[in-house]
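For reference, the structure discussed in these notes is given below.
Where a number appears in this text, it was derived from the coordinates with a stated rule and is not lab data. Every value quoted in this text rests on a predicted model; they were computed, and no experiment measured them. When we count neighbours, we look across all protein chains shown, and the Cβ atoms used for this are built from the backbone with ideal geometry, even at glycine.
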Amino acid sequence: MLTVRAMTETDVPAVSAIRVAGWKAAYIGIVPQSFLDGMTVEADSRQRRRHFEKPKKGMTNLVAVDIHGRVVGWACLGPFRGDGTSTSVGELYALYVQPSLTGSGIGRTLLEAVHAQALADSFDRMQLWVLTDNTRARRFYERAGYVPDGAVQADDYDGVSVSEVRYRRALEERETD
């Protein structure tokens, strides 16, 4: 049985381990290896702890927990970080599943919880950014009803520009897929 709940500070090490492992598994060949090699659970944990010390307004962190009480996935959402004019648009900032469990339904369960939280936060639409070359994630979001909206951006990783595409989806009161 999988449950989704609000992340607590005691979940930080597990979430950081999932995030770092997720990057190293999903972005190999997309993000420079030097950047991936430089990622550590310790550094990521320090960053996650800062979020608990100074939480950003409207940001929610959720964790998926397995039957044994282990954190096996993490998602973070909040207000869209775009132009700031629309308060009804939410953004999925991150969603990671323990790489050895990818494809087991944890991501879908987490995404459904994200949508429920977004509706509770009065968002009627969600947006997210996906690395252009991350075809597995793009298929995952497309199966969940997200469509690319034409917006693109790029981030720099160790001197290499990596492009992202934005996806969006309208939310309904009840998930239908």
Among 127-137, 54-64, the order from most to least packed when residues are scored by Cβ within 10 Å on average: 127-137, 54-64
Antiparallel bridge percentage (DSSP; both residues within the chain; nearest 5): 85
Karplus (6.51, -1.76, 1.60) ³J(HN,Hα), θ = phi - 60°, over the stretch 161-169, in Hz, Gly and Pro reported as x: 7, 10, 8, 10, 10, 9, 10, 9, 7
Within-13-Å neighbourhood charge of G69 [Cβ basis; K, R +1; D, E -1]: 0
Choice from I18, I30, I67 with maximal GNM fluctuation in the chain (Cα, 10 Å cutoff): I67
Spin-label model distance (nm) - E112 vs K24, 7 Å beyond Cα toward Cβ: 3.1
³J(HN,Hα), Karplus 6.51/-1.76/1.60, whole Hz, each residue of the stretch 120-134, x for Gly, Pro: 4, 8, 6, 8, 10, 8, 10, 10, 7, 10, 10, 4, 3, 8, 8
Longest DSSP-loop-exposure-free segment, GluC sites (Glu not before Pro), the chain, at most 15 other Cβ within 10 Å: 1-171
Stokes-Einstein D (µm²/s) once Rh is taken as the Kirkwood radius of the stretch 3-128 over alpha-carbon pairs, at 10 °C in 1.306 mPa s: 105
K56 paired with A151, simple spin-label distance in nm, labels 7 Å along Cα-to-beta-carbon: 1.3
Within the stretch 3-128: Cβ-based charge dipole about Cα centre, in debye rounded to nearest 20 (Lys, Arg +1; Asp, Glu -1): 180
Net charge contributed by nearby residues that have their C-beta within less than 12 Å of P99 (K/R +1, D/E -1): +3
Charge dipole (the chain, unit charges on Cβ, about Cα centre) - positive-most of L36, L62, Y146: L62
